[in-house]
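Asks: My structure is below; once you've seen it, I'll send some questions.
Every number here is computed from the coordinates shown, using simple stated rules; none is lab data. Keep in mind that what you see is a predicted model, and the values were worked out from it rather than measured. Please note: Cβ atoms are built from the backbone with ideal geometry, for glycine as well, and neighbour counts cover all protein chains shown.
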Amino acid sequence: TYLYPVFLGRIRGYDSMMIGEALFVSGLAMFFTAPVAGILSNKIDLRLMMMIGFVGFATGTWWMTHLTADWDFYELLIPQILRGCSMMLCMVPINNIALGTLPPERLKNASGLFNLTRNLGGAVGLALINTVLIDRNAFHYARLAEHVQWGSQAAQTKLQNMTLNFEQTAGLDAGSAAMSKLSGMVHQQAALLSFMDVFMMLTVLFASLGFFVLFINKPAQQGGGSGGGH
């Protein structure tokens with residue numbers, strides 16, 4: 001939810017309206033999957049259902065490790081659908097497994113504590129993601145800058161070609177414009193690589209969560225424990 005808008009705003013240059021139009025598919029996927037998830041929670045093992053959700057998350061984030069600066073609505077369509085469906089497939093089982101083994105008199109306090117820890121975990125997760133994004137951006141920019149220097153023949157050729165293109169515009173300092181354009185390209189590619197790193201990290205995380213679901217004890221009661229899902 002956090003990375004998609006940041007990617008579209010920072011890499012694609014979208015405004016808020018354009019980002020919303022590009023990402024509404026995820027909300028639709030959640031809307032249509034919610035009743036299916038409710039039915040499945042009474043039909044199959046909740047751990048299996050949660051595992052399917054984590055695998056879906058991992059597939060969607062792995063898909064995003066191949067992104068480019070040209071990715072738009074259609075390239076993001078499948079990852080968004082996977083994310084929306086997986087969100088609902090995980091939400092119902094997590095609530096039921098976390099609260100389904102408790103006696104009724106303890107559900108109220110447990111639901112509040114569950115929501116608190118979930119929100120706290122989300123905040124910490126966003127902070128970690130943003131930290132990794134910033135650190136990897138700086139790392140990739142430093143590495144790319146090593147290859148875009150005066151001693152690089154490829155960089156010199158690219159700069160000369162851009163300078164020739166800008167010379168066709170009257171009143172423009174072609175050399176400065178070409179240098180600024182080249183710097184912007186390096187910054188963009190560094191940001192793109194940092195997004196790919198974060199999505200790879202999330203892929204490993206979700207795949208690991210899907211594996212550790214196998215070690216969760218099956219609750220004695222299923223259903224009725226979803227009060228903390230909002």
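Asks: Using the Kyte-Doolittle scale, which helices in the chain average at least -1.0 and also have C-alpha atoms spread 24 Å or more along the helix axis, with helices defined as whole DSSP H runs? All intermediate terms of the calculation are to be shown ahead of the outcome.
Replies: Details: long enough: 16-40 (35 Å, 1.66); 46-64 (27 Å, 1.18); 73-99 (39 Å, 1.20); 104-147 (64 Å, 0.03); 174-212 (57 Å, 1.18).
Passing helices, by number: 16-40, 46-64, 73-99, 104-147, 174-212.
Asks: Using unit Cβ charges (K, R positive; D, E negative) and no other charged atoms, how large, in debye to the nearest 20, is the dipole of the chain about its Cα centre? Let's see the in-between values first.
Replies: Working: 13 positive and 12 negative charges, 160 e Å.
Here the chain has a charge dipole of around 760 debye.
Asks: Take the alpha-carbon centre of segment 78-105, take the same for segment 1-36, and report the distance between them in whole Å.
Replies: 21 Å
Asks: Then there's this: Hey, if you drop one equal point scatterer on each alpha-carbon of the chain and run the Debye formula without solvent, what base-10 log of I(q)/I(0) do you get at q = 0.13, 0.16 Å⁻¹?
Replies: -0.86, -1.15
Asks: Could you list the square roots of 5 times each eigenvalue of the Cα gyration tensor of segment 1-59, that is, the equivalent ellipsoid semi-axes, sorted largest first and rounded to whole Å? Could you put the intermediate results ahead of the total?
Replies: Values: eigenvalues 190, 36, 6 Å².
Rounded to whole Å, the semi-axes are 31, 13, 6.
Asks: Got a sec? Charge dipole of segment 93-230, +1 on Cβ for Lys and Arg, -1 for Asp and Glu; which of Ser208, Leu126, Leu102 is way out at the positive end?
Replies: Comparing the listed Cα positions along the dipole, Leu102 ranks first.
Asks: Which of the trypsin sites (Lys or Arg not before Pro) across segment 3-96 are loop residues per DSSP, with 16 or fewer other Cβ within 10 Å?
Replies: Of the trypsin sites (Lys or Arg not before Pro), the ones in loops of segment 3-96 whose Cβ has at most 16 other Cβ atoms within 10 Å are Arg12, Lys43.
Asks: Here's a follow-up. State, as an integer percentage, the relative contact order of the chain based on alpha-carbon contacts under 8 Å between residues 6 or more apart.
Replies: Values: 239 pairs, mean separation 78.6, N = 230.
That works out to 34 percent.
Asks: Can you tally the lysine pairs in the chain where the Cα-Cα distance is under 30 Å and the two residues are eight or more apart, or on different chains? Mind showing how you got there, number by number?
Replies: Values: Lys43/Lys108; Lys43/Lys218; Lys108/Lys218; Lys158/Lys181.
Here the count comes out as 4.
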